[in-house]
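Chemist: Here's a structure for you.
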Amino acid sequence: MRVITTVEELRAARAEATGTVGLVPTMGALHSGHGTLIERARREVDTLITSVFLNPLQFTDLGDTDDYRNYPRDIEADSTFCEGLGVDIVFAPSVEEMYPGGIPQIWVRTGEMGTVLEGASRPGHFDGVATVVNKLFNLAKPDVAYFGQKDAQQVAVLRRMVRDLNHDVEIRTLPIARAADGLAQSSRNVRLSEAGRSQALALSRSLRTLQEQVDAGALDVDAVRAELAASEGVTLDYLVVVDPDTLQPTSEPGLALVAATVDGVRLIDNALLG
Ligand code: AMP
């Protein structure tokens, strides 16, 4: 496995790659959720590139925020993790390498899909995501790129970007990896206290309740939302059911999305109902 940090090295490595190329973009602090993407990619492509880049553009105030500053960083551990899973190339550039002139002039603008839900609470977030993924696609030129259903809105936005900007890449989505207690794996979970972690279980519990309601033919999102909002330690942002492709509200059992802050940590989770 090679760890490379410059655009020039990545372009050279891509030029030498034979067969199919897969890309797993990450922000590092790798856990078993990332692991499921990498393992799947390893089985499906000839050359596997994992990027580890904490992209300031997708954080509030372009990274001038505690969420960005406190985000766990450990490139040594991430490299070891990738090596263990058979990654060929880890691309771990600095912020200066990715944005040599500082904040870029030219961004990908995501429109309405990027302004609802996560985008409403984190203005500019999806423009930052789409911009960096656009750059990574241009550099790694993957045949296949792997993303987690954990970030369902991100998947919808990026699928749309591929369509609207004619990227020659196939997007494959992997199911949410969860801890044994049901909590969706996230790099941010390490910032939860023990009490916060058990309070955070209310999110996945709500999604299970919604699924049970669908099974019983009596979906009542308002009731579940009210219960979650009253749950100790949980500051609820949203609990909604939307169409998985357009992200518009739906009365059908669609994609249930939840976001909340627990212990000062923003958490998201979701479930495809039905
Ligand atoms: P991140 O490092 O948080 O940007 O995540 C990198 C990729 O891993 C994204 O496509 C995420 O959706 C995916 N991912 C993160 N957590 C999980 C999880 N618990 N299950 C599945 N995929 C995940």
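The values are calculated or read from the model by the stated rules, or taken from the named source; none is laboratory data. Quantities reported herein were computed from a predicted structural model and do not represent experimental measurements. Heads up, the Cβs are rebuilt from the backbone with ideal geometry, glycines too, and the neighbour counts pull from every protein chain shown.
Chemist: Yes or no: S121 under 28 Å from G19 (Cα atoms), of a type in the set (G, A, S) and touching a residue at least 60 places away in the same chain (Cβ under 8 Å)?
Modeler: no
Chemist: Tell me the residue from L207, L219 that is touching a Pro at 6+ places or on another chain (Cβ under 7 Å), within 15 Å of L255 (Cβ to Cβ), aliphatic (A, V, I, L, M) and away from the ligand (no atom under 12 Å from the Cβ), please.
Modeler: L219
Chemist: Here's a follow-up. Restricting attention to segment 241-252, report how many residues are surrounded by 18 or more Cβ atoms within 10 Å (Cβ to Cβ) and more than 16 Å from Q154 (Cβ to Cβ).
Modeler: Selection size over segment 241-252: 1.
Chemist: Looking only at segment 166-175, filter to residues that are in contact with a helix residue (DSSP H, G or I) (Cβ under 7 Å, 6 or more places away or on another chain) and part of a loop (DSSP other than H, G, I, E, B); which one of those is nearest to the ligand (Cβ to nearest atom)?
Modeler: P175
Chemist: Another one. Name the single residue, out of those in segment 30-48 being surrounded by 20 or more Cβ atoms within 10 Å (Cβ to Cβ) and more than 7 Å from the ligand (Cβ to nearest atom), that is nearest to the chain's Cα centre (by Cα).
Modeler: My answer is L30.
Chemist: Something else now. More than 12 Å from the ligand (Cβ to nearest atom), in contact (Cβ under 8 Å) with a residue 24 or more places away in the chain and among the basic types (K, R), is that true of R178?
Modeler: Here the answer is no, as R178 does not meet what is asked.
Chemist: Of the residues D67, D74, D88, which single one is within 23 Å of R188 (Cα to Cα) and modelled with pLDDT of 95 or more?
Modeler: D74
Chemist: Next up: What is the residue count in segment 156-168 for residues that are over 21 Å from V242 (Cβ atoms) and either at pLDDT below 95 or surrounded by 18 or more Cβ atoms within 10 Å (Cβ to Cβ) (or both)?
Modeler: Residues that pass the stated criteria total 1.
Chemist: Are any of the residues in segment 108-117 farther than 30 Å from L257 by Cβ and surrounded by 19 or more Cβ atoms within 10 Å (Cβ to Cβ)?
Modeler: No, the conditions are met nowhere in segment 108-117.
Chemist: Show me the strands (runs of 3 or more DSSP E) entirely contained within segment 207-274 in which 3 or more residues are farther than 22 Å from A177 by Cβ.
Modeler: 234-242
Chemist: Could you list, in sequence order, the residues of segment 131-148 that are of a type outside the set (S, T, Y) and either away from the ligand (no atom under 12 Å from the Cβ) or at positive phi (or both)?
Modeler: Correct list: N134, K135, F137, N138, L139, A140, K141, P142, D143, V144.
Chemist: Check R159, R163, R197, R188 and return the single one that is more than 18 Å from the chain's Cα centre (by Cα), within 15 Å of the ligand (Cβ to nearest atom) and in a helix (DSSP H, G or I).
Modeler: Being more than 18 Å from the chain's Cα centre (by Cα), within 15 Å of the ligand (Cβ to nearest atom) and in a helix (DSSP H, G or I) holds for just one of R159, R163, R197, R188, which is R197.
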